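Input: a single structure, listed below in structure tokens.
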Amino acid sequence: MEIRFVLNGRNTLVETSPDRKVTDLLREDLGLTGVKEGCGAGECGACTILVDGESRLSCLMLAAQIEGRHVTTIEGLAQGEDLHPVQEAFVEHGAVQCGFCTPGMVLSAVHLIENLSGPTREEIREGLSGNLCRCTGYTMIVDAVEAAAAKMRGEGSS
Amino acid sequence: MKEYLAVTDGGRRINPQGFDQQVQGAVAQGIGYGLMEEVLLEKGRILNPSFTDYLIPTSLDVPDIRSLAVETVESTGPFGMKGIGEVGTNAPLPAVAGAVEDALGSCPGVAPLDPGRVLRAVENREGAAGTAAAARRSRTHKEE
């Protein structure tokens, strides 16, 4: 089956079976290994991608579901050498240790900031509660998202 | 858990952000160990081998963790350092156990202190009188 979708801003056509798991399609067929598989069961959030701007678990999606959609992986966030404000904030605030949760965490944060004004630290924690992290204990991740949200609102330096 | 203060002696601190990263991560893991995580075994088989049934802390289970360093200099350590990678895991369970003991007069000697175990400890302490009082509170609440 042919599947046409927009991937990180580019029109993309793949020939695949309609029930191919999207994580595998992105990682193995399209080489986007920034998409991580942590559990494969929809529990950890590492596989998070954006589909039409909404955070979705790619390990629970089948290829047919992305027909006609706009898909964003972590690779599609930066503009050339310019990091997204959330990525910059993660670096500055020490929010990355092993990095395995980071792609999913960053994309969930992007979805949260773009859809919830504020947000407060408690709202950030709730918005990221589907992304497990074993390394950081979350405090610096919350710091980073709070700072990125302020910067994206245009409030001075982070 | 509303807030957590970790005061840690890792010897000399070379990279303060790295130090705090390790402490905060270890504290979160210690919170999981103390309050949530339990490997259930039956005849050598793990009964809960997935994140569905083996619960590790999410961002909602861990408060902001404030990390302070006590900077000693360990003469036998490289550049005066000790180590920082795991020591933060040690304290959350005893801290919570102390709080439970302070509240109830005793604490179950088992980890994790998950909600079920703590509730049973509360119920055992209150006994019959406590149960009746709880029932009265429950009726009053419904009438409101």
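Can you give me the relative contact order of segment B:4-143 as a percent, contacts being Cα pairs under 8 Å and 6 or more apart?
34 percent
Pick from B:Glu37, B:Glu74, B:Glu86: which is most flexible by mean-square fluctuation in a GNM of chain B where alpha carbon atoms under 10 Å apart are linked?
With Cα springs under 10 Å in chain B, the top fluctuation among B:Glu37, B:Glu74, B:Glu86 is at B:Glu74.
I need to check one value: relative contact order of segment A:68-157, counting alpha carbon pairs closer than 8 Å and at least 6 residues apart, in percent.
RCO, segment A:68-157: 38 percent.
Averaged per residue, what accessible surface does chain A expose to a 1.4 Å probe, in Å²?
46 Å²
Pick out which of B:Arg120, B:Arg13, B:Arg45 has the largest mean-square fluctuation in a Gaussian network model of chain B, springs linking Cα atoms closer than 10 Å.
B:Arg45
Given the -39500 (n - 2.57) contribution per DSSP H run of 4+ residues, what per-residue ellipticity at 222 nm results for chain A, rounded to the nearest 500 deg cm²/dmol?
It comes out at -8000 deg cm²/dmol, rounded to the nearest 500.
Need one number: % antiparallel among DSSP beta bridges in the protein assembly as shown, to the nearest 5.
70 percent
To the nearest whole number, what is the average tally of beta carbon atoms from other chains within 10 Å of the beta carbons of peptide B:60-72?
If you average over the peptide's residues, the count of other-chain Cβ atoms is 3.
Taking a probe of 1.4 Å and counting only protein heavy atoms, give the total accessible area buried between chains B and A in Å², rounded to the nearest 100.
Summed over both sides, the interface buries about 1800 Å².
Show which lysines lie in cross-link reach of A:Lys21 when reach means a straight Cα distance below 20 angstrom and same-chain residues fewer than eight apart are skipped.
A:Lys36
Suppose we compare each residue of segment A:118-149 in its chain alone and in the full protein complex with a 1.4 Å probe; which ones drop by at least 40 Å² of accessible area?
At a threshold of 40 Å² (probe 1.4 Å), the residues of segment A:118-149 that become less exposed are A:Arg125, A:Ser129, A:Leu132, A:Arg134, A:Gly137, A:Tyr138, A:Thr139, A:Met140.
State the percentage of accessible surface on the protein assembly as shown attributable to carbon and sulfur atoms; use a 1.4 Å probe and exclude ligands, DNA and RNA.
Carbon-and-sulfur percentage of accessible area, whole number: 51.
In deg cm²/dmol and to the nearest 500, what is the mean residue ellipticity at 222 nm of chain B if only DSSP H runs of at least 4 residues count, each as -39500 (n - 2.57), divided by the residue total?
-15000 deg cm²/dmol
About the Cα centre of segment A:85-152, how large is the charge dipole given +1 on each Lys and Arg Cβ and -1 on each Asp and Glu Cβ? Please answer in debye to the nearest 20.
Approximately 160 debye in magnitude.
I'd like the isolated cysteines in the protein assembly as shown, meaning no second cysteine's beta-carbon lies under 4.7 angstrom from theirs.
Lone cysteines by the Cβ rule: A:Cys98, A:Cys135, B:Cys107.
Using protein chains only (no ligands, no nucleic acids) and a 1.4 Å probe, work out which residues of segment B:16-47 have their accessible area cut by at least 30 Å² relative to the chain alone.
B:Gln17, B:Gln21, B:Gln24, B:Gly25, B:Gln29
For segment B:4-143, what is the accessible area per residue in Å² when the probe is 1.4 Å?
61 Å²
Using Cα pairs closer than 8 Å and at least 6 residues apart in sequence, work out the relative contact order for chain A, in percent.
Worked out over chain A, it gives 23 percent.
By per-residue mean of other Cβ atoms within 10 Å, what is the highest-first order of A:83-93, A:32-42?
The packing order, highest mean first, is A:83-93, A:32-42.
In whole Å, how far is the Cα centre of segment B:71-131 from that of segment A:102-158?
Distance between centres, Cα-based: 29 Å.
If you add up the charges near B:Gly77, with Lys and Arg at +1 and Asp and Glu at -1, over every other residue whose beta carbon is less than 14 angstrom from its beta carbon, what do you get?
0
The values are calculated or read from the model by the stated rules, or taken from the named source; none is laboratory data. Since we're looking at a predicted model, the values are computed, not measured. Counting neighbours? That spans all protein chains shown, and the Cβs are built from the backbone with ideal geometry, glycine included. What goes into the accessible areas is simple: the full protein's heavy atoms, side chains included, and nothing from ligands, DNA or RNA. Shrake-Rupley method; radii C 1.70, N 1.55, O 1.52, S 1.80 Å.
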